[in-house]
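Student: Have a look at this one before I ask anything.
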Amino acid sequence: MEYEDRGKYDSVYTAKVKAGKRRTYFFDVKKTKGDDYYISLTESTKKFNSDGFERHKIFIYKEDFNRFLAQLQDTIDHVKKDLLPDFDYDQFEKRQAEWEASLEEGGERHKPNDDMNW
């Protein structure tokens, strides 16, 4: 793809999920030359010893949306129900909400250490 053509692949929708101190997930809907759409999932991880980022991408095309979503949900359900049924998955949401509330009150700008330890 030529550099001049990059504008044709700009995101028409973007959402992001912060996941810990160094990891962010981006969900982008991109338009193709043929006026079609696909989803680009990007994991961006801040490198330890530099200011750079490491990125991993997955592209999901419309014909795979339903199967991808169904299998992702099945996989998450398997972990939550069968492998780690007693784990408090909401703890990360609570921590994020507390951190955001502290920012609104002029609190500390550093996020708590909420990286998942797998």
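The values are calculated or read from the model by the stated rules, or taken from the named source; none is laboratory data. What you are looking at is a predicted structure, and each value in this text was computed from that prediction instead of being measured. Every residue, glycine as well, gets a Cβ built from its backbone with ideal geometry; the counts of neighbours run over all protein chains shown.
Student: Can you tell me which residue is nearest to Lys16 (Cα to Cα) among those in the stretch 32-87 that are β-branched (Val, Ile, Thr) and modelled with pLDDT under 95?
Tutor: Among them, the one singled out is Thr45.
Student: Just the residues that are surrounded by 12 or more Cβ atoms within 10 Å (Cβ to Cβ) and charged (D, E, K, R), please, taken from the stretch 9-20.
Tutor: Across the stretch 9-20, the qualifying residues are Lys16, Lys18.
Student: When the residues of the stretch 55-92 are narrowed to those that are acidic (Asp, Glu) and not in a helix (DSSP H, G or I), which ends up farthest from Tyr25 (Cα to Cα)?
Tutor: Asp86
Student: Separate question: Considering only residues that are at pLDDT 85 or above and not hydrophobic (A, V, I, L, M, F, W, C), which ones fall in the stretch 1-30?
Tutor: Answer for the stretch 1-30, where residues must be at pLDDT 85 or above and not hydrophobic (A, V, I, L, M, F, W, C): Ser11, Tyr13, Thr14, Lys16, Lys18, Arg22, Arg23, Thr24, Tyr25, Asp28, Lys30.
Student: Output the qualifying pairs, or none if there are none: Cβ atoms under 8 angstrom, residues six or more apart or on different chains, first residue in the stretch 38-55 and of a type in the set (Lys, Arg) and loosely packed, with under 14 Cβ neighbours inside 10 Å, second residue modelled with pLDDT of 90 or more and assigned to a strand (DSSP E or B).
Tutor: Close Cβ pairs (under 8 Å, with a partner that is modelled with pLDDT of 90 or more and assigned to a strand (DSSP E or B)) amount to Lys47/Phe53; Lys47/Glu54; Arg55/Thr42; Arg55/Glu43; Arg55/Ser44; Arg55/Thr45.
Student: Shifting gears a bit: If you go through the stretch 21-35 one residue at a time, do you hit one that is in contact (Cβ under 8 Å) with a residue 40 or more places away in the chain, out of contact with any Ser or Thr (no Cβ under 7 Å at 6 or more places or on another chain) and either surrounded by 10 or more Cβ atoms within 10 Å (Cβ to Cβ) or of a type in the set (S, T, N, Q) (or both)?
Tutor: yes
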